[in-house]
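The values are calculated or read from the model by the stated rules, or taken from the named source; none is laboratory data. Since the model is a prediction, treat every value here as computed from it, not as a measurement. So basically every Cβ, Gly included, is an ideal-geometry build from the backbone, and we count neighbours across all protein chains shown. Calculation scope for accessible area: heavy atoms of the full protein, side chains included, ligands and nucleic acids excluded. Shrake-Rupley method; radii C 1.70, N 1.55, O 1.52, S 1.80 Å.
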Amino acid sequence: MSTDRYVSQEREAAPSGPSRRTRAAFAALGGLIAAFAALCVAELVAAAVRPEAGPVTAVGGAVIDRTPPAVKDFAVRNFGTSDKLVLQLGILVLLAVFAVTVGLLTLRHRAAGAAAVLLFGAAGAAAAAGRPEGRALDALPSAVGALVAAGLLYMLAGRLTPYAAPSPAAGETESGAPAPACGQAGAGGQGAFDRRGFVLAATAAAAASAGAGILGRRLQASQLAGVSASRGAITLPAPSSPAAPLPGGADLGIRGVGPFTTPNKEFYRVDTALVVPRVDAGSWRLRIHGKGVARPVTLGFQDLLDRELVERDITLTCVSNEVGGPYVGNARWIGVRLADLLREAGVRPPSRGGPADQIVARSVDGMTIGTPVEAVMDGRDALLAVGMNGEPLPFDHGFPVRMVVPGLYGYVSACKWIQDIELTTFDAYDAYWVKRTWAREAPIKTESRIDTPRPFASPGAGTVPVAGVAWAQHRGIARVEVRVDGGPWHTARLGAEAGHDTWRQWVWEWPATRGHHTLEVRATDRTGATQTDERVGTVPDGATGWHSVVVDVT
Ligand SMILES: Nc1nc2c(c(=O)[nH]1)N[C@H]1C(S)=C(S)[C@@H](COP(=O)(O)O)O[C@H]1N2
Ligand SMILES: [Mo]
């Protein structure tokens, strides 16, 4: 670049009119291109480090870690499982705004603009390395991306520096010939800059960035394909203690009510992972250690498969499930009994004098989940699960190994992508969600949900099946009742009981009359406790209240 053609003091030749606007637009574009380059380069570096270390993912994760429960609840309620997509789009929009601002800043201070990019990169790097399971190396994608972007922005900004005093005849080159149309600013030589140079450099940079980004994504995809193949190659041994066959009639087969066993693809997913961890079963290890562990152990995936496998139907529920909400699902799990492993390691529950009352499970992505030792060792089927509905765990649901404990909400029991189990006390350690105001202990509350008719449906008068599910894991459902417009309660017909750890379907044939009606449901569990009508929100230990549906019978 022939710097002698540029002035050092931009303000002296401050452009005006159309040229000024063009310069501003180009500067903004330069900022956007630099941001794009940063993301693309970072993606390429992340392919070498790990996908989770990419800046958008890392910043998103850091945001999730710091999101107040009320906001998290709002996000889950309004965006459901697309809350993560919304978050990532939000980050990209903010980044774009920042990029435009920084681009414009370069018009006044070239170096300041580039420095701002480095600062932003430092924030991304800190977010990546500062995640619960973050490593120093995770800072690399953001750092390299920011360095490249800062250099690029500085270079592009150079192309926007106006030429020194206009040539004797504005719009003409020294030889007197007209300026090439796409070269220097055609209109009003005052403030003209190297348009052509900018466009060429910007185009080349955008193309190179896209290339790096695509290459990065390809590399990441091929790594994932490798792990997927290793999952595909797994055959789970037949369980030595199979689940009892589902009693006929567990599934009432009513339209509008999901199947008794929720297919994996339809199973709700709740976690903080923006990138689903892809753990290779071959290199997976689980360490069991801590207070009162006489014989710490480290197990591999095959070690689990070589043990006695049990198969159980267990209904999972999220504490963030609103009354009537979708975050509940029932699956047939295969795994090893966690209590057996703990006993072999020398662990005793508090009731037998053990010093630890809390199991803290840690996932590969830094989630921590605290479960009462007593619950895990009280005889219930607390599993280290390796299979879900006849296949290895799906990646979304914790492959290769997760915990499943009947009767406890997921955030205090169901650690996915588990890699470490530490025996400790509730006094000594607060797990991830407990630090964020959720309760230390959270047994699942007795709840019921109307799945059909849907809210504001308009069925015809006559017999209308009102149906849904009810759950009170590890206590079992004894009765479900429905009432119309606050009238008397009617006992619903229950689906056959598959065990105390699963939900039950229910149906009540409603002789529906024309008009506006409110349907309400309540369940009673096998301890005799009836679901309370008191409405409380999900924080800190699960929502209560009766689910109601308003319909218009025609
Ligand atoms: N590693 C990890 N495990 C996790 C979570 C998480 O965010 N990270 N979320 C928990 C919560 S809140 C619930 S409700 C269950 C949901 O399990 P699912 O996504 O398989 O339905 O997983 C639990 N295990
Ligand atoms: Mo949850």
Partner aspartates and glutamates for residue 445 [C-alpha distance under 16 Å; skip if fewer than 8 residues away on the same chain]: 322, 501, 525, 533, 534, 541
All-pairs alpha carbon distance profile, segment 29-151, 10 Å steps from 0, percent: 15, 42, 31, 12, 1
Specify whether the C-alpha gyration tensor of segment 45-96 places it in the rounded, prolate or oblate class, a ≥ b ≥ c being the square roots of the eigenvalues: rounded for a/c under 1.5, otherwise prolate if a/b is larger than b/c and oblate if not. prolate
Accessible surface, per residue, of segment 428-554 when the full set of protein chains is kept, probe 1.4 Å, Å²: 42 Å²
What does the charge dipole of segment 264-436 about its Cα centre add up to, to the nearest 20 debye, if the Cβ of each Lys and Arg holds +1 and the Cβ of each Asp and Glu holds -1? 240 debye
Taking only C-alpha pairs under 8 Å that are 6+ residues apart, what is the relative contact order of the chain in percent? 13 percent
With Cα coordinates, the longest principal axis of the chain makes an angle with the long axis of helix 55-66, in degrees rounded to 10, of 50 degrees
Evaluated at 4 °C and 1.567 mPa s, the Stokes-Einstein D of segment 401-463 based on the Kirkwood radius over Cα pairs, in µm²/s, stands at 85 µm²/s
Note down the net charge around residue 250, summing +1 for each Lys or Arg and -1 for each Asp or Glu among other residues with Cβ under 15 Å from its Cβ. 0
Could you look at the chain and say what percent of its accessible area is carbon and sulfur, using a 1.4 Å probe and all protein chains? 58 percent
Burial ranking of peptide ranges 521-532, 219-230 (average Cβ count within 10 Å, highest at the top): 521-532, 219-230
Around residue 50 (Cβ within 15 Å, Cβ-to-Cβ, excluding residue 50; K/R +1, D/E -1) the net charge comes to -2
Percent of all alpha-carbon pairs of segment 264-436 at distances over 29 Å, whole number, is 13 percent
Over the Cα atoms of the chain, what radius of gyration and what Dmax do you get, in Å? 30.4, 99
Please determine, in degrees from 0 to 90 and to the nearest 10, the orientation of helix 69-79 with respect to the longest principal axis defined by the Cα atoms of the chain, where the helix direction is its Cα long axis. 90 degrees
Give 265/435; 72/291; 84/435 a once-over and call out the pairs whose C-alpha atoms are over 24 Å from each other. 265/435; 72/291
Helix 83-108 against the longest principal axis of the chain: what's the angle in degrees, Cα atoms only, rounded to the nearest 10? 20 degrees
Please report, for the Cα atoms of segment 447-553, the Rg to one decimal and the Dmax as a whole number; what are they, in angstrom? 13.8, 42
Positive end of the dipole of segment 69-142, charges at C-beta (+1 Lys, Arg; -1 Asp, Glu), about the Cα centre: which of 88, 111, 136 has its Cα farthest in that direction? 111
Loop by DSSP (not H, G, I, E, B), at most 13 other beta-carbon atoms within 10 Å: where is the longest site-free stretch of the chain for GluC sites (Glu not before Pro)? 309-533
Relative contact order as a percentage, segment 411-554, C-alpha pairs under 8 Å and 6+ apart, gives 28 percent
Quick check for me: using +1 on Lys/Arg Cβ and -1 on Asp/Glu Cβ, what's the dipole size of the chain about its Cα centre, in debye to the nearest 20? 880 debye
Local electrostatic count, residue 88, Cβ distance below 14 Å [Lys/Arg +1, Asp/Glu -1]: -2
So for segment 249-366, taking the charge dipole from beta-carbon charges (+1 Lys/Arg, -1 Asp/Glu), which of 258, 318, 353 sits furthest toward the positive end? 353
